[in-house]
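A short worksheet on the structure shown next.
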Amino acid sequence: MKRSSEQILTEWLVINCQMGDVVAMQKLLKIWYPKLLRYAFRQIGEQQKSEDAVQNALEIMTSKLSKLKDSAAFPKWIYQILHYKCADIIRQNQRQKNIVNSYQKFVESENEYRLNSKNEDGLCFDGMVRNLPNEIYQLVHLYYLEGLSVVEIQQVLDIPLGTVKSRLYHARNLIRHNLTGD
């Protein structure tokens, strides 16, 4: 099989890199970085993540190049490393997309539940607490929706226990006012 001048140069650079030649490493990276980036971009489809995959592959290459026994096997070896790094990033992207989709579905279902959950008088919870001041809404949310005790709320908000109790009392009165219109 006839080898091209680039293949011969790559083999020579790999051998020199294995002997610790820093200039040879720079030349090897100059030749191979664009090729690897092009391959990664075709696999991943995003420039930044493709660059990350190439960077990860090159880190492995620099640390394990001395163990490569056949310098002619370098192209196959580096593409194999890059292939696995691209696969890792694609899996990570898929997991992130699944998490985001799950979260969005949860938020949508939670919003739907809150909009549709009405008390016996036909008023939804959000409607009852919508006009409460923020500091009071925090207490109502933590006490009624999250089920925290008064002591736990005091610890979360770092306010005196008496303040928590009085604000909850005030919140109940405001909600009662919103319900009855008094």
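The values are calculated or read from the model by the stated rules, or taken from the named source; none is laboratory data. These numbers come from a predicted model, not from an experiment. Using ideal geometry, Cβ is built from the backbone for each residue, glycine included, and neighbour counts are taken over all protein chains shown.
Select from the range 153-182 the residues that are exposed (fewer than 12 other Cβ atoms within 10 Å of the Cβ) and in a loop (DSSP other than H, G, I, E, B) and write down the one among them that is modelled with the highest pLDDT.
Filtering first and then ranking leaves Pro160.
Looking only at the range 5-63, count every residue that is of a type in the set (S, T, N, Q) and either within 28 Å of Arg91 (Cα to Cα) or in contact with a Lys or Arg (Cβ under 8 Å, 6 or more places away or on another chain) (or both) and tell me the total.
Count: 8.
Given Leu132, Leu148, Leu139, which one is at pLDDT 85 or above and either surrounded by 15 or more Cβ atoms within 10 Å (Cβ to Cβ) or among the β-branched types (Val, Ile, Thr) (or both)?
Leu148
Given the criteria among the polar types (S, T, N, Q) and either at positive phi or touching an Asp or Glu at 6+ places or on another chain (Cβ under 8 Å) (or both), does Ser66 qualify?
Considered against the rule, which asks whether it is among the polar types (S, T, N, Q) and either at positive phi or touching an Asp or Glu at 6+ places or on another chain (Cβ under 8 Å) (or both), Ser66 comes out as no.
Any residue in the range 156-182 that is within 13 Å of Val140 (Cα to Cα) and of a type outside the set (D, E, K, R) sitting within a Cβ distance under 8 Å of a residue that is in a loop (DSSP other than H, G, I, E, B) and modelled with pLDDT under 85? List the pairs, counting only those 6 or more apart or interchain.
Ala171/Leu132; Leu174/Asn131; Leu174/Leu132; Ile175/Leu132
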